[in-house]
Amino acid sequence: MASLGTLGLWRQSGMADPAQAEKLVYLVTGGCGFLGEHVVRMLLQREPRLRELRIFDLHLGSWLEELKTGTQNVIEACVQTGTQFLVYTSSMEVVGPNVKGHPFYRGNEDTPYEAVHRHPYPRSKALAERLVLEASGRKVRGGLPLVTCALRPTGIYGEGHQIMRDFYHQGLRLGSRLFRAIPASVEHGRVYVGNVAWMHVLVARELEQRAAIMGGQVYFCYDKSPYKSYEDFNMEFLGPCGLRLVGTRPMLPYWVLVLLAVLNALLQWLLRPLLLYTPLLNPYTLAVANTTFTVSTNKAQRHFGYEPLFSWEESRTRTIRWVQAMEGSAQ
């Protein structure tokens, strides 16, 4: 068995029935989420040796200790069940952008960068990634070594992306307009969700044969989507659906955005006992959106032959169709 991500892939072979010996059993943890659903579809479409697909999803809070415990539980489950392969879904935010706003231009997995994090999400991802990678080589039930690796997607987009949905409906409420808040010169690397799912399946497929190379490694997950600011990139999909971006420069001074972000964070803290308030703008998302972070890596191609399954044109078309299909489309 192998476990894919947290997302996890549990691959099981050696069945008593010879006809099933080379068939695989996969467990996808987080299988009901945005990326998890695409991984499940990709396995059904692209894994010819699939015998059984199991899906587990548990919506936990975002507190650091809960996430740490959950990842440790996945590792211990691998050990106790004799699962030999674990692919962890990490994030580029394990590296950055950091809260100091240091740019990262076309970096790869070995590019020096000061990872400075205060927000729970990147801190928890970094901790969980370290736990997974340090577990590589640990003996599992039956005496074989556990082989782990981690994938670090850049900003994911595509069908089902909640933030894209939120921006779209916000634009409709503002008269089919969005107002520029981030300079167009700030670039980000974005990756289509189908290509992230494809990399997961490809890693799980190759990990057994290339354990010596891939075990304990991390890989940025990126395709050939263009480098643009978050707002300009989102307009690649929202523009054809009737929205327009107002302003060639930010409409508000940066200090005003900082003030609004801090107020949102305070309001979120005050309302926490009563309801879940998740504003799009907070100090962390503002810092991320205002910091250039782009990756250019061929490590995944060298180690296991990764090439994007979907071109930029196809990724864009699929995402536009999804936005247009939303209730209340401006088209």
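Taken over the range 157-188, the criterion of being within 15 Å of Lys228 (Cβ to Cβ) and among the hydrophobic types (A, V, I, L, M, F, W, C) is satisfied by Met164, Phe167, Leu178, Ala181, Ile182, Ala184, Val186.
In the set (1) closer than 26 Å to Arg190 by Cβ; (2) at pLDDT below 90; (3) open to solvent by 60 Å² or more (accessible area, probe 1.4 Å), Pro273 fails one condition alone, (1).
When you look at Ala184, is it outside any helix (DSSP H, G or I) and either among the aromatic types (Phe, Trp, Tyr) or over 16 Å from the mean Cα position of the chain (by Cα) (or both), yes or no?
yes
What pairs come out if I take residues in the range 157-177 that are within 17 Å of Trp322 (Cβ to Cβ) and pair them with residues that are part of a helix (DSSP H, G or I) and open to solvent by 60 Å² or more (accessible area, probe 1.4 Å) whose C-beta lies under 7 Å away, six or more apart or interchain? What qualifies is Gly158/Arg318; Glu159/Arg318; Gly160/Glu37.
Restricting the range 191-216 to residues that are part of a loop (DSSP other than H, G, I, E, B) and at negative phi leaves a set whose member that is most open to solvent (accessible area, probe 1.4 Å) is Gln209. Look at the range 105-131: where a residue is farther than 14 Å from Ser296 by Cα and among the hydroxyl-bearing types (Ser, Thr, Tyr) and a partner is modelled with pLDDT of 90 or more and surrounded by 14 or more Cβ atoms within 10 Å (Cβ to Cβ), sitting 6+ places away or on another chain with Cβ atoms under 6 Å, you get Tyr113/Val95; Tyr113/Phe104. Answer yes or no as to whether Glu129 is modelled with pLDDT of 90 or more, within 30 Å of Val79 (Cβ to Cβ) and surrounded by fewer than 14 Cβ atoms within 10 Å (Cβ to Cβ). Taking the combined requirement at face value, the residue does not satisfy it.
Taken as a whole, the condition of being surrounded by 13 or more Cβ atoms within 10 Å (Cβ to Cβ), at negative phi and in contact (Cβ under 8 Å) with a residue 24 or more places away in the chain does not apply to Leu267. Would you check if Tyr219 is surrounded by 14 or more Cβ atoms within 10 Å (Cβ to Cβ), out of contact with any His (no Cβ under 6 Å at 6 or more places or on another chain) and assigned to a loop (DSSP other than H, G, I, E, B)? Considered against the rule, which asks whether it is surrounded by 14 or more Cβ atoms within 10 Å (Cβ to Cβ), out of contact with any His (no Cβ under 6 Å at 6 or more places or on another chain) and assigned to a loop (DSSP other than H, G, I, E, B), Tyr219 comes out as no. Looking across the range 75-108, just one residue is closer than 14 Å to Cys149 by Cβ and open to solvent by 30 Å² or more (accessible area, probe 1.4 Å), and that is Gln84. Reported count of residues in the range 148-170, each being outside any loop (DSSP other than H, G, I, E, B), open to solvent by less than 10 Å² (accessible area, probe 1.4 Å) and not small (Gly, Ala, Ser), is 7. Restricting the range 45-74 to residues that are open to solvent by 60 Å² or more (accessible area, probe 1.4 Å) and of a type in the set (D, E, K, R), the residue that is modelled with the lowest pLDDT is Glu65. With respect to Thr248, determine if the residue is hydroxyl-bearing (Ser, Thr, Tyr), over 23 Å from the mean Cα position of the chain (by Cα) and either assigned to a helix (DSSP H, G or I) or exposed (fewer than 15 other Cβ atoms within 10 Å of the Cβ) (or both). Yes: the conditions hold for Thr248. The requirement of being at pLDDT 95 or above and of a type outside the set (S, T, N, Q) is not satisfied by Pro145.
Looking only at residues in the range 277-313 that are open to solvent by less than 30 Å² (accessible area, probe 1.4 Å) and among the aliphatic types (A, V, I, L, M), the one that is farthest from Glu187 (Cα to Cα) is Ala300. Applying the condition of being at pLDDT 90 or above and in contact with a Leu (Cβ under 8 Å, 6 or more places away or on another chain) to the range 86-126 and asking which residue is farthest from Lys228 (Cα to Cα) yields Leu86.
The values are calculated or read from the model by the stated rules, or taken from the named source; none is laboratory data. Here the structure is a predicted model, which is why all the values come from computation and not from measurement. Ideal geometry is used to build each Cβ from the backbone, glycine not excepted, and the neighbour counts take in all protein chains shown. These area figures cover heavy atoms from the full protein model, side chains too; ligands, DNA and RNA do not enter into them. Shrake-Rupley method; radii C 1.70, N 1.55, O 1.52, S 1.80 Å.
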